1. Under 8 Å by Cβ, and 6 or more places apart or on different chains, what pairs join a residue from segment 1-14 that is under 13 Å from residue 62 (Cβ atoms) with one that is open to solvent by 100 Å² or more (accessible area, probe 1.4 Å) and in a loop (DSSP other than H, G, I, E, B)?
2. Out of (1) farther than 23 Å from residue 10 by Cβ; (2) open to solvent by less than 60 Å² (accessible area, probe 1.4 Å); (3) more than 14 Å from the chain's Cα centre (by Cα), what's the single condition that is false for residue 43?
3. For residue 35, work out the one condition from (1) over 11 Å from the mean Cα position of the chain (by Cα); (2) surrounded by 13 or more Cβ atoms within 10 Å (Cβ to Cβ); (3) in contact (Cβ under 8 Å) with a residue 12 or more places away in the chain it doesn't fulfil.
4. Take the residues of segment 15-28 that are aliphatic (A, V, I, L, M) and within 24 Å of residue 56 (Cα to Cα): which is least open to solvent (accessible area, probe 1.4 Å)?
5. Charged (D, E, K, R) and at positive phi - does that describe any residue in segment 14-21?
6. Restricting to segment 46-68, name every residue that is open to solvent by 70 Å² or more (accessible area, probe 1.4 Å), modelled with pLDDT of 95 or more and either of a type in the set (Gly, Ala, Ser) or more than 10 Å from the chain's Cα centre (by Cα) (or both).
Amino acid sequence: KNYAMLQYTQTNIKNKIDLTLRWTQSLNDGSGQFTTVLSYSLGNHLELFSVGTVMAGGRNTEFGSILDYQWMIGLKYTL
């Protein structure tokens, strides 16, 4: 219900990489979630990306009860 979020974003690292680090804290039960979003440009129309999330908290907390972690990778094509 109540959250605090801290985020750091760095774009255009070597004109190819974008990075976002995010911590979301539940103010109600003390659980948290750390997320990393990384994208790498493969040209004008193609981008490789990865999103990883790690949950923190006990099994009876909002973030701790969902998953321990998740990871997604993908390829994005734009016209």
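The values are calculated or read from the model by the stated rules, or taken from the named source; none is laboratory data. Predicted model only: the values in this text are computed from it and were never measured. Glycine also receives a Cβ, built like all others from the backbone with ideal geometry; neighbour counts cover every protein chain displayed. SASA here: full protein model, heavy atoms, side chains in, ligands and nucleic acids out. Shrake-Rupley method; radii C 1.70, N 1.55, O 1.52, S 1.80 Å.
1. Hits for this filter: 2/27; 3/27.
2. (1)
3. Tallying (1) over 11 Å from the mean Cα position of the chain (by Cα); (2) surrounded by 13 or more Cβ atoms within 10 Å (Cβ to Cβ); (3) in contact (Cβ under 8 Å) with a residue 12 or more places away in the chain, residue 35 fails exactly one: (1).
4. Looking at residues that are aliphatic (A, V, I, L, M) and within 24 Å of residue 56 (Cα to Cα), I get 19.
5. Looking for residues that are charged (D, E, K, R) and at positive phi, one finds at least one in segment 14-21, hence yes.
6. 48
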